[in-house]
Amino acid sequence: MRNDLQQRLFSFAVKVFSFLKTLPNTPEYSVVRYQLAKSSTSSGANYEEAQAASSKSDFIYKNEISLREMRESNYWLRLLAATDQSNMLNQDELKYLENESEELKKILGSIVSKSKLNNEH
């Protein structure tokens with residue numbers, strides 16, 4: 001059974017994939033498309049792996065990777081927003097994805113922090 005965060009990370013990756021299909025076909029956007037596709041899916045995949053971790057340290061490590069990948073996703077989304085002066089992109093969808101990545105970063109960061117704290121005791 002999937003938890004809410006697993007579903008949310010999966011939905012985020014699906015929405016990113018849909019959004020990526022709308023990007024113009026230029027070399028610059030191709031780089032962002034590739035990097036954002038990788039980071040958005042890797043975050044959820046690593047969180048999934050953390051759910052079956054072999055130890056507390058492994059659980060923390062996988063969640064740290066998930067957090068790093070979400071931070072990278074947020075970076076690429078912010079870059080798209082900052083460089084879209086002509087409003088070629090769907091601004092509502094881009095803002096939603098940027099906000100969602102911020103929230104997911106906070107959740108994953110909290111999991112990592114609390115897990116590290118609990119692992120020390």
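Read-outs: derived from the displayed coordinates by stated rules, not from any lab. What you see is a predicted model; the values in this text were computed from it and never measured. Reconstructed Cβ throughout: ideal geometry from the backbone, glycine too, with neighbour counts over all protein chains shown.
Laid out as a table, the results:
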{"quantity": "Relative contact order [Cα under 8 Å, 6+ residues apart], the range 41-98, whole percent", "calculated": "29"}
{"quantity": "Most fluctuating residue given options Leu67, Leu104, Leu80, as computed from a GNM of the chain linking Cα atoms under 10 Å", "calculated": "Leu80"}
{"quantity": "Contour minus Cα-Cα distance for Thr26 and Gln6 (0.36 nm per residue)", "calculated": "3.9 nm"}
{"quantity": "Most mobile listed residue (Lys62, Lys105, Lys21) in the chain, GNM with C-alpha springs under 10 Å", "calculated": "Lys21"}
{"quantity": "Relative contact order, percent, the range 4-120 [alpha-carbon distance under 8 Å, six or more residues apart]", "calculated": "28"}
{"quantity": "Dipole of the chain, positive direction: furthest Cα of Asn87, Tyr47, Ser11, with charges on the beta-carbon", "calculated": "Tyr47"}
{"quantity": "Per-selection Kirkwood Rh - the range 73-121 (Cα, Å, 1 d.p.)", "calculated": "12.4"}
{"quantity": "0 to 90° range, to nearest 10: angle between helix 56-83 axis and the chain longest Cα axis", "calculated": "20"}
{"quantity": "Reachable aspartates and glutamates from Lys114, criterion Cα separation under 20 angstrom, eight or more residues apart if same chain", "calculated": "Asp4, Glu48, Glu49, Asp58, Glu64, Glu69, Glu102, Glu103"}
{"quantity": "Helix 91-120 axis, angle to the chain major axis (alpha carbon atoms, nearest 10°)", "calculated": "20"}
{"quantity": "Residues Lys114 and Ser54, FRET efficiency given R0 of 25 Å [Cβ-Cβ distance, rounded to 0.05]", "calculated": "0.80"}
{"quantity": "Rough spin-label spacing in nm, given labels placed 7 Å along Cα→Cβ, for Glu93 and Lys38", "calculated": "2.3"}
{"quantity": "Charge context of Lys15, other residues only, Cβ under 9 angstrom, K/R +1, D/E -1", "calculated": "-2"}
{"quantity": "At 1.567 mPa s and 4 °C, Stokes D of the range 4-120 from Kirkwood alpha-carbon radius, µm² per second", "calculated": "89"}
{"quantity": "Test item: Cα-centred dipole of the chain, Lys/Arg +1 and Asp/Glu -1 on Cβ, debye", "calculated": "160"}
{"quantity": "Residue among Ser73, Ser55, Ser39 with the largest mean-square fluctuation in a Gaussian network model of the chain, springs linking Cα atoms under 10 Å", "calculated": "Ser55"}
{"quantity": "Local electrostatic count at Asn87 - Lys and Arg +1, Asp and Glu -1, tallied over other residues with Cβ under 14 Å", "calculated": "-2"}
